[in-house]
Amino acid sequence: MSPRVLDADTEQYLRKVREGIRQGRFPVRAFNDQEIYDLEQERLFSRAWCFLAHESEIPSPGDYVLRYIGNNSIIVARDEHGVVHANLNMCRHRGNQMCKAEMGNASHFRCSYHGWVYKNSGELVGVPYMKEGYEGRLDRKEWALVRVRTDSYGGLIFGCLDPQAPSLDEYLGDFKFYLDFYLKQSEDGVEVYGPPDHWIADTNWKICAENFAGDGYHTPVAHQWGFHLGYFPSSGATHSQGWAVSIPGKGHAIGLGHSPNFPPFGGFPDELVEQMKRVFTPAQVEVFSKVRTAVGTLFPNLSFLMQPLSFVPGEPGVRFVTMRLYHPAGPGRMKMYSWCLVPKSAPEEYKEAVYKAYTLAFGQAGTFEQDDFENWIKVTQMAKSTMVRDLEFPYIMGMNSQRDPDFPGPGHAVRPYVNDTNFRNLWSRWADYLVGEV
């Protein structure tokens, strides 16, 4: 796809935005602007590695799910040989949507318009009136479904629309160190527990991605009831302890909250702790054993949260992991996907407890989820105001923060956990894509 040529004023504005981010200033306009949204589609989501599915969502031959990369509908399917394929969900004959169900099992997909038939791998295998109509001039190999470049890490399947983009391994970089905390909680890894919750929300994806890149600042305010009722193993006074870790030049970021006297790997059953100690590197064990809350964003729009939650205030509780994707559906609108991840080798009763904790906290009607979305929607509404077009937000916390020399993990780790360093890194990378210098 040829990139859209922007006028000089727009190019100058984008470079001004990038420089402003480096100085700790971010434009309010970016959260609800049609031109910014269009540029993100063309210059960001068309070039970045974007999350499609977890391998456990399509465990058997023929299993498939429908997902998106930007404004492109993608069929993610496992063929009869167990190989995962991703293809544009569009018939090559006249462009009809091939698959309309969000998930299922099928060896073939048949277009409801003219009946072209494709294998779940994307090959064109059936054309009505092939001999009579096309007289041997149609090469079926030429008219297969449009393939999407894919790769995976830790069970996560990613797609990229740019054949020239760096490999997924390079794209993830040192963030793989932290992804392992979410994805390798047992020797067999993790799996999704049930289909994802998903819903439409009138908010911008960037607000959510930033929040989950380590916004510990909002927690004692937006979720203060959690402290009052004893659902958190920390207090408002101790909540800021921990590290904000960013991967420079990548956009990925994570907040690692730590509480005094919090037990090593608290909230995990003993058998899982022993497995993690065997799976993780010594440096990972040193970092992860101290972590109370791990909340991170893999640039641009995939986030994770792990924390313990007590059903009975004062008790140790159980660790849950939510994985969430913020799919842009307009300047101030998005489709939210939310999964619960559980260790594969954990007992079923533990998985049920994890899912219960996830549902209570961050399911579609979760208590913390409702707190967040009320704020995110109001931010987006305010960003529509004609008075705010030239306003900026301050991102100046921790401008002079130095890397913690004693932190054993990779990336730029600063203290305290309440810090804007992660967000400046996140939005600097966003601006690099929009300027076209990635």
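The values are calculated or read from the model by the stated rules, or taken from the named source; none is laboratory data. Just so we're clear, the structure is a prediction, and the values are computed from it rather than from any experiment. All Cβ positions, even for glycine, are placed from backbone atoms using ideal geometry, and neighbour counts span all protein chains on display. The accessibility values were calculated without ligands, DNA or RNA, using every heavy atom of the protein model including side chains. Shrake-Rupley method; radii C 1.70, N 1.55, O 1.52, S 1.80 Å.
Brief remarks follow.
- The relative contact order of segment 388-430, computed from alpha carbon pairs under 8 Å that lie at least 6 residues apart in sequence, is 40 percent.
- Pairwise label distance in nanometres, N400 with E35, each label 7 Å out on the Cα-Cβ vector: 3.7
- In the chain, helical runs assigned H by DSSP with n ≥ 4 each contribute -39500 (n - 2.57); averaged across all residues and rounded to the nearest 500, the mean residue ellipticity at 222 nm is -7500 deg cm²/dmol.
- Extension gain from E187 to E19, taking 0.36 nm per residue of separation minus the Cα-Cα distance: 56.0 nm
- Heavy-atom accessible surface of the chain: percent carbon and sulfur, 1.4 Å: 51
- Loop-located chymotrypsin sites (Phe, Trp or Tyr not before Pro) across segment 266-366 with a Cβ neighbour count of 16 or fewer within 10 Å are F311, with loop assigned by DSSP.
- No disulfide-compatible partner, judged by a Cβ distance under 4.7 Å, exists for the following cysteines of the chain: C50, C99, C160, C208, C340.
- Charge dipole (segment 333-438, unit charges on Cβ, about Cα centre) - positive-most of S345, S385, T367: S385
- Computed over the chain, relative contact order equals 21 percent, with contacts defined as Cα pairs under 8 Å that lie 6+ residues apart.
- Cα shape, segment 283-385, gyration tensor, a/c 1.5 rule: prolate
- All other residues whose Cβ lies under 9 angstrom from that of V125 are scored, Lys and Arg at +1 and Asp and Glu at -1, for a net of +1.
- Computed packing ranks the peptides 55-64, 69-78 as 69-78, 55-64, most packed first, by mean other Cβ atoms within 10 Å.
- Between K141 and N71, the FRET efficiency from the beta-carbon distance, with R0 = 30 Å, is close to 0.65.
- For segment 40-147, the square roots a ≥ b ≥ c of the C-alpha gyration tensor eigenvalues yield an a/c of 1.5 or more together with a/b not exceeding b/c, which makes the shape oblate.
- At most 11 other Cβ within 10 Å, DSSP loop - GluC sites (Glu not before Pro), segment 100-166: E135
- The trypsin sites (Lys or Arg not before Pro) of segment 121-212 that DSSP puts in a loop, and whose beta carbon has at most 11 other beta carbons within 10 Å, are R137.
- Comparing mean-square fluctuations of T281, T203, T367 from a GNM of the chain with C-alpha springs under 10 Å, the top value falls on T281.
- Spherically averaged projected area of the chain from its Cα convex hull (nm²): 22.3
- Within the chain: Cβ-based charge dipole about Cα centre, in debye rounded to nearest 20 (Lys, Arg +1; Asp, Glu -1): 700
- Segment 39-117: relative contact order as a whole-number percent, Cα under 8 Å and 6+ apart: 23
- Highest-fluctuation residue, T386, T359, T421 considered, GNM on the chain with Cα pairs under 10 Å: T386
- Separation of the Q164 and N96 label points, Cα + 7 Å toward Cβ, nm: 3.6
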